[in-house]
Amino acid sequence: MTIAPIEALPDTPAGTTSRVRLNYTDTTREIDVPAGTTVLEAAEAAGARLVSQCRIGTCGTCVGRVSTGALAMPEGRVYPLRAEELSEGMRLLCQAHALGETEVDLDYPAAMLDEHPVVTTTVKVTGLTWLAETVVELAVRLPKSIPFSFRSGQYVRFRIPGTDEWRSYSMASGERHKRRLAFTIRVLPTGAMSDYLRTAAAVGDELDLEGPMGSFGLEEQPGPVLMIAGGTGLAPMLSMLESLQTARTRNSVRLVFGCARQGDLFHLDELDARRSFMPNLDVRVVLDEQTDRPGVLVGNPVSVLTAEDVADPDTSAYLCGPPAMLDAARERLQQLGLPRERIHAEHFLPS
Ligand SMILES: Cc1cc2nc3c(=O)[nH]c(=O)nc-3n(C[C@H](O)[C@H](O)[C@H](O)COP(=O)(O)OP(=O)(O)OC[C@H]3O[C@@H](n4cnc5c(N)ncnc54)[C@H](O)[C@@H]3O)c2cc1C
Ligand code: FES
């Protein structure tokens, strides 16, 4: 396998095209990518849909992994991919140009994009519940006329009222709830959405919503599941836990949930309730600081991982939270022997 470095795009003669094979998890599509055209543009022109959002190389949603051949991205830009991911062949398809015949692995089924098309609508705020000093649960209701559905693990974008700024939030509610969605949101000391939620938001407000988006979610036939969540990174895990419960999975499901401070901890009762519904669910809650909360360990979600967590070779890991925690978790899981392709992650990248 040759992976082209992130290089200045070569002067490919106009009229040249490269054949690119897109390997979704459920099917394969072959497209022709003309010189000067990105893989995303060529795929869309050929009717092959790809997960994307910003289209300018900043959000990291449109990632694919080159398995043979080469894709180049323009040099001199900062991309939301780590050096290690680039050297493993990860490329942003909204930026990538094909350098000859190439094969790209995608970690989602093509069917997902047809089943859950992106809609833009206005939703009503139906609930604002503070779950902790810094965490609020936002509940919204979609209009009946809008056909909305999603796969657990996906997210939507909200426009902050009175601005043209959008922020992304993962559904914490399960995929069977199509009209009523819930989100768990960390309210920062400063930040556009945080300021709105802290000082202005009220039940009855209207919010513009776009989604669903993203490819984070359970594998088609998940074996043992290991979930690692930092802070409000718990949101998509709650949604995926509901799917696992509905599917009556018999595999073991482990959730490691970490927060920095006591005031950030939330949903401990909710997790207890989930445990009582799902006997195969094991929950480990960790806190950076000393605590007298019963059952809460001191440490972080990475420091409490052991070889036993990934002992079954069919284990898949799902990570969500701040990028630094995800990097550390990914490295630790690989040290413990979990192959890279069994690690799925949703980065809560800052806007
Ligand atoms: C796919 C995805 C899913 C997500 N899901 C969730 C979720 O479920 N729950 C959740 O809590 N979060 C989630 N996030 C993060 C979320 O989208 C926002 O980034 C987060 O809520 C902060 O938004 P904000 O508007 O409050 O802060 P922002 O306005 O984006 O500010 C963020 C930080 O930057 C600082 N800052 C702002 N402007 C400047 C400036 N000019 N110079 C220097 N510093 C500045 C602020 O002080 C603040 O600390 C997700 C992100 C992604 C990409
Ligand atoms: S769509 Fe955002 S990086 Fe490609």
>> Full-extension gain between E341 and S276, please, as 0.36 nm times their residue separation minus the C-alpha to C-alpha distance.
In response: 20.3 nm
>> For the stretch 225-347, place one equal point scatterer on every Cα, skip the solvent, and apply the Debye formula. What is log10 of I(q)/I(0) at q = 0.20 Å⁻¹?
In response: -1.16
> Quick one: Kirkwood hydrodynamic radius for the stretch 150-230, alpha-carbon pairs, angstrom, one decimal?
Replying inline: 14.4 Å
> With the radius of gyration and the Kirkwood radius both derived from the Cα set of the chain, what is their ratio Rg to Rh?
Replying inline: 0.97
> Where nothing but the Cβ of Lys and Arg (+1) and of Asp and Glu (-1) is charged, how large is the charge dipole of the stretch 6-114 around its Cα centre, in debye to the nearest 20?
Replying inline: 180 debye
> If packing is taken as the mean number of other Cβ atoms within 10 Å per residue, what is the order of 98-104, 24-30, highest first?
Replying inline: 98-104, 24-30
> Given the Cα-Cα distance of T163 and T68 and 0.36 nm per residue of separation, how much length would full extension add, in nm?
Replying inline: 29.8 nm
> If you count, for each residue, the other Cβ atoms within 10 Å and average over each peptide, how do 234-243, 145-154 line up from highest to lowest?
Replying inline: 234-243, 145-154
>> Apply the Karplus curve 6.51 cos²θ - 1.76 cosθ + 1.60, θ = phi - 60°, to the phi angles in the stretch 298-303 and return the couplings in whole Hz, x for Gly and Pro.
In response: 9, x, 9, x, 8, 5
> So what are the three principal axis dimensions of the stretch 1-160 from its Cα atoms, in whole Å, longest to shortest?
Replying inline: 56, 34, 26
> How many nm is it between the label spots at D114 and E210, if each spot is 7 Å from the Cα in line with the beta carbon?
Replying inline: 2.5 nm
> Say each of T121 and A324 gets a label point 7 Å from the Cα, pointing the same way as Cα to Cβ; how far apart are those two points in nm?
Replying inline: 3.9 nm
>> With only alpha-carbon pairs counted, each pair once and no self-pairs, how large is the Kirkwood hydrodynamic radius of the stretch 17-112 in angstroms?
In response: 13.1 Å
>> Report, to one decimal in Å, the Kirkwood hydrodynamic radius for the stretch 96-254 based on all distinct Cα pairs.
In response: 17.0 Å
> How big is the gap, in Å, between the Cα center of the stretch 264-293 and the Cα center of the stretch 135-162?
Replying inline: 26 Å
> With N residues in the stretch 307-350, what two-decimal value do you get for its Cα radius of gyration over 2.2 N^0.38 Å?
Replying inline: 1.12
> What is the helix-to-structure angle for 268-277, meaning the angle in degrees between its Cα long axis and the longest Cα principal axis of the chain, kept from 0 to 90 and rounded to the nearest 10?
Replying inline: 80 degrees
> Can you give the % of DSSP beta bridges in the chain that are antiparallel, to the nearest 5?
Replying inline: 60 percent
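Bear in mind these aren't lab numbers, they're just calculated from the coordinates by the rules spelled out. In this text, all values refer to a predicted model and were calculated from it rather than measured experimentally. In this analysis, Cβ positions are derived from the backbone assuming ideal geometry, glycine residues included, and neighbour counts consider all displayed protein chains.
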